[in-house]
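Step one of this worksheet: look at the structure below.
The values are calculated or read from the model by the stated rules, or taken from the named source; none is laboratory data. Quick caveat: nothing in here was measured; it's all calculated off a predicted structure. In this analysis, Cβ positions are derived from the backbone assuming ideal geometry, glycine residues included, and neighbour counts consider all displayed protein chains.
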Amino acid sequence: MSPATLQENPTVETFFNVVETETLALFEHLSFEFLEKFDVFAPAETGRTRDHEPPEMMRGFLHCYYKDIYGIRPVARELNNTVVWLSCGFDRPPSRDAVDRFLTDLEHVIDEIFDHLVEQAALRGLLDLTYSIDSTDVRTMPADQDASKCYDLTAEEYYYGYGCTIVSTGSKIPIAAEFTESKQAPEETAMRVTRDALAVETPIWMLGDSAYDTLDWHDYLLAAGVVPIAPYNARNTDDPLDIEYRVEDRIKEHSKEVKLKQSTLDETYNRRTGVERTNDAVKDCGLGHVRARGRVHARAQVFLSLCLRLVIAITNYERGDNPGSTIITV
C-alpha cells in the first residue's frame, strides 16, 4: 500500500488531525532540510544511497523524544508505526540499523545542528540580555561502561552518568552547552561554553554559582563588556576579601569609574534560578532519560534533547503560546 493510499484512508486522516497538536506542530515552522548539506550524511563512495534522508530521521527522533521514547530499539519500534513514519515524512519505516546509524552519524554534526537552532531562536527575539551558566547531571544506565560513577549529595546516593554544562537565557532557552564526563565540569569547559554563548549575542550580565568564582572567567567577561556575577568563595584563599561577589574586586582593580550597587548585584543574581528551570525543561525533553550505551550515543542524545527544547520553544512562540512551556497545545 503506497503512502498516498494510506493518507487517503479516513483512519489515517483522523490520526493526522489528532497528532497535529502534539507532533506535526514541531515541524510546522522549522525546516530540517539543512541537514542534507553535512558530508557525514552523504552517500557512501561505493555508490550506496541513504536508506532514509536526514530531515525525516531528525523529525523521527524529535517525535520520539517528545513522546518520551528513547533508545535505539524503542525509537525504531515507534517509527515502524504506519501513521508515525508517515507523519515524519518517511516513505517507508526505517530499520533498527538505520536508526542506530543515524544517531552515530549525528554525533559528528549535532553541535552545528544545535547552533543552527539557537540562531533560529535568536532571530525570533527569544534571547534576553541576562545569561546564566550551570552544570547538571546526566544519568544513564549502569551497563554504560563509559559512564562515571558519581555521588548526588542532595539525594545521598550514587549513580552512573555524565554531566552537561548549559548557558541559558530568556524563557528556558539553552544557547550553549557541553557534554562532560561528570557533573562537576573543569574550568576549561566553563570557559569554552561561555565563549560559545557570547558568540551568539553579547549580554549585559552572566550569572553563575560559586563554582564560577575564577579570575579567568571574570576577566574574560569583563574584557568582553559583560558583567559576571558569581558569589565570592572565601575558601579559595587564606586571606578572604570583604565582598559578596568576585566582580566587586575585579571592577575595583580594572576600573575606577564603574560602580555597582550591592542591591543591583543581588537582584540580578536572583535571576540565576532561570538556568535551573532550563535544566529541568531540557530534562523533560530527554536529557533526564538517557538510554544509551557509550559516550558517543549519550552525547548525541543529550544534544538531541537540547535541540528538542529549542524546537518546542520556537514552535510555541510561532503559535502565540508560551515559549517557556515544554508542551505544545492548540
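Brief remarks follow.
- Only one of Ile328, Ile243, Ile312, Ile251 that is buried (at least 23 other Cβ atoms within 10 Å of the Cβ) and among the hydrophobic types (A, V, I, L, M, F, W, C): Ile312
- Only residues that are crowded, with 23+ Cβ neighbours inside 10 Å and of a type in the set (S, T, N, Q) were counted across the stretch 188-224, and they come to 1.
- Selection of first residues in the stretch 68-86 that are in a loop (DSSP other than H, G, I, E, B) and of second residues that are of a type in the set (Lys, Arg), restricted to Cβ pairs under 6 Å at least 6 apart or on distinct chains, gives the following pairs, ordered by first then second residue: Tyr70/Arg291; Gly71/Arg291.
- Any hit, the stretch 218-233, residues being in the same structural domain as Ser148 (by TED's automatic domain parsing) and within 18 Å of the chain's Cα centre (by Cα): no
- Scanning the stretch 266-284 for residues that are touching a Phe, Trp or Tyr at 6+ places or on another chain (Cβ under 6 Å) and more than 20 Å from Val226 (Cβ to Cβ) yields a count of 0.
- Residues in the stretch 129-149 that are in contact with a Gly (Cβ under 6 Å, 6 or more places away or on another chain) and either free of Cβ contacts under 8 Å to residues at least 40 places away in the same chain or assigned to a loop (DSSP other than H, G, I, E, B) (or both): Thr140, Asp146, Ala147.
- Qualifying residue in the stretch 225-233 (condition: at pLDDT 90 or above, surrounded by 18 or more Cβ atoms within 10 Å (Cβ to Cβ) and assigned to a helix (DSSP H, G or I)): no
- Residues satisfying the stated conditions in the stretch 119-150, i.e. of a type in the set (S, T, N, Q) and more than 19 Å from the chain's Cα centre (by Cα): Gln145, Ser148
- Check on Leu126, in a helix (DSSP H, G or I) and not small (Gly, Ala, Ser): no
- Of all residues in the stretch 122-172 being among the β-branched types (Val, Ile, Thr) and modelled with pLDDT under 90, the one that is surrounded by the most Cβ atoms within 10 Å (Cβ to Cβ): Thr140
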